[in-house]
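Remarks on the structure that follows.
The values are calculated or read from the model by the stated rules, or taken from the named source; none is laboratory data. As the structure is a prediction and not an experimental result, all values here were calculated from the model. Cβ sites come from the backbone with ideal geometry, for glycine too, and all protein chains shown count toward neighbours.
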Amino acid sequence: MDPKVNGQLQNEWGGLIALYLFLGGVGGGAYTIAAINSFLGKSMELSTTIGLWIGFPALFIGCLFLLADLGNPGKFFLAGLKPGTSWIARGTGIISLFMVFSFIHLVLHQFTEVSKTSVGMNTIAVLGIIFAVFTIAYTGLLLSASKGIPFWRSGIVPVVFVISGLVTGHFLTIIGMVIFNEGAKTVSQFSTMALEASVVVVVEVLAILFFLNAAYKQPDSRESVERIMQKTIFIVGYFILGLGVPLVLMLILRYALNESGLNTVLAVAFIGALLGLIGGFLLRLAILVCGALPTLNMGGFQFRRIAKPKDLKPGIGLMPPK
Amino acid sequence: MPQYGMVIDLKRCYGCYACVMACKVKNHTPPEVFWARLLKGERGKFPNTMRQALPVLCMHCEEPSCLEVCPTGATQKLDNGIVIVDKDKCMGCKACIMACPYGARYSVDKWESYFPDGLPLSEYEEFAKKYWEEHSGCGVATKCDFCLDLLEEGKLPACVEACAANARTFGDLDDPDSEVSTLIRKYRGEVLNPELGNKPKVYYLAPR
């Protein structure tokens, strides 16, 4: 059976690309938070150190997933030879520069005596932040450049991905802080991170609702919105468990656990951050798997790519989905 | 240099799939790969309904979105307007597949038998697999090239030759006296989803 005829949904980009987009967002987000926190000095030392350690490796591992998805990974170097010609080529340059700056920042921060507030360090941090944000935005631009999938072809997608990258970056940093916590003195850093994460999660909720509403108004992407709203991984996995529950837990961490013991703080922080992290991945996976091909129109006919056989109800035959 | 294009008369097309099979036989495409496809559409409300076949292939767009997203230069537009994939430059990122609104591109990871239950490849399949790997290949983007090799021999694309209803006409869009230009002008040829801005070079004469 021809998948293009019988599958309304794209089926070329799946879990590996979702992991790539996710880790690109996490890496860029964690670095951005770390670099911003580095301006706050000693009070956010642990979160800064952990964020810097996360940025480069997360992105590097993400790129490995991209390579694993390529049909011909041996030719990947060709993408670097034509900079500026496509979003993947541009992204290759952006990611490379981000990796360089985040690596330099990490080395200077961790292994040298360079002052954390020196001009050189601040310059590296600012450049790193710029390329980190570009890196996260690129993961969205890669999708929004896909003319064949109307659902992705929206300027809001990169915005959603940037916000989600910052959220997941926060959450992975929090998990790192739980693992490498320095006892009671870390509690105040958890409180600050929880507040930051809560604000960005609220912004993400607004952004995703705006994105879905805008997509639903477009006839060609309406089918994708209808499908994503029926996906358990999106509604339960992402929206409820990946955004709602972490938001509540972060607010509890910020406002209700000031007098609690360290173990309670660590447990609440870990559970909230882990759920948020999984939610970030599920968001990208859901957006990918719900990417529907456009309907072709000619002479008053709509030629839809009919649903996969498994989506068809018995007895209806090859009726297109509603 | 001619600018090749095609006109498909939907009044003539009765959806026999001869073009689909001719393309498969000519290009030895693996299972689930259809450079020439056929979609079916319906309109109206019961009992006043109509069913229509729509042959689809690479539109060889004047402004191909697959070309814009290709990071390695594997997708190229020839001087004659035909869009091709250089398999030796393709890294298999599938961005072009996502970029094509007409679903004209395919990529397969490996050649699998047409037959179920893990049967070994038949003699024909072995030949087809070898041909495919030489001309297109697994792990890279593949698509219709208007049977470029046949054009160089002065022949027509396989799908045009195979069309029993003479629904397909192939020729030079830049030549105002060519049959394709005349048909487009005379019967107001339309392209699929012009709002996308790709400027396809496959025109359709709408059903009546």
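Points worth noting:
- From the options B:Gly118, B:Gly103, B:Gly139, residue that is surrounded by fewer than 13 Cβ atoms within 10 Å (Cβ to Cβ), more than 19 Å from B:Met1 (Cα to Cα), at pLDDT below 95 and not polar (S, T, N, Q): B:Gly118
- Scanning the stretch A:273-305 for residues that are over 30 Å from A:Phe161 (Cα atoms) and either away from every other protein chain (no Cβ under 12 Å) or not in a strand (DSSP E or B) (or both) yields A:Gly299, A:Gly300.
- Of all residues making up the stretch B:78-110, the number that are outside any loop (DSSP other than H, G, I, E, B) and within 19 Å of A:Tyr138 (Cα to Cα): 5
- Against the numbered list (1) assigned to a helix (DSSP H, G or I); (2) of a type outside the set (Gly, Ala, Ser); (3) under 30 Å from A:Pro73 (Cα atoms), B:Val180 comes up short only at (3).
- Residue that is nearest to B:Lys87 (Cα to Cα), among those in the stretch A:58-95 that are surrounded by fewer than 16 Cβ atoms within 10 Å (Cβ to Cβ) and more than 12 Å from chain B (Cβ to nearest Cβ): A:Leu64
- Any hit, the stretch A:252-272, residues being touching a residue at least 60 places away in the same chain (Cβ under 8 Å), among the basic types (Lys, Arg), assigned to a helix (DSSP H, G or I) and crowded, with 19+ Cβ neighbours inside 10 Å: no
- Hey, B:Lys94 among the charged types (D, E, K, R), touching a residue at least 12 places away in the same chain (Cβ under 8 Å) and either touching a strand residue (DSSP E or B) at 6+ places or on another chain (Cβ under 6 Å) or under 25 Å from B:Glu195 (Cβ atoms) (or both) or not: yes
- Residue match in the stretch B:69-77 (condition: assigned to a strand (DSSP E or B) and touching a residue at least 24 places away in the same chain (Cβ under 8 Å)): yes
- Of the residues B:Cys163, B:Cys138, B:Cys147, the single one that is under 30 Å from A:Pro150 (Cβ atoms), out of contact with any strand residue (DSSP E or B) (no Cβ under 7 Å at 6 or more places or on another chain) and not basic (Lys, Arg) is B:Cys138.
- Residues of the stretch B:24-68 satisfying the condition of being out of contact with any strand residue (DSSP E or B) (no Cβ under 7 Å at 6 or more places or on another chain), at the interface with chain A (Cβ under 10 Å from one of its Cβ atoms) and part of a loop (DSSP other than H, G, I, E, B): B:Pro31, B:Glu32, B:Phe34
- From A:Leu52, A:Leu108, residue being part of a helix (DSSP H, G or I) and in contact (Cβ under 8 Å) with a residue 40 or more places away in the chain: A:Leu52
- Residue under evaluation B:Asp9, criteria (1) away from chain A (no Cβ under 13 Å); (2) modelled with pLDDT of 95 or more, criterion not met: (1)
- Of all residues in the stretch B:169-194 being loosely packed, with under 13 Cβ neighbours inside 10 Å and either within 20 Å of the chain's Cα centre (by Cα) or basic (Lys, Arg) (or both), the one that is farthest from B:Ala99 (Cα to Cα): B:Lys186
- Scanning the stretch A:113-122 finds no residues that are in a helix (DSSP H, G or I), within 14 Å of chain B (Cβ to nearest Cβ) and over 30 Å from B:Pro101 (Cβ atoms).
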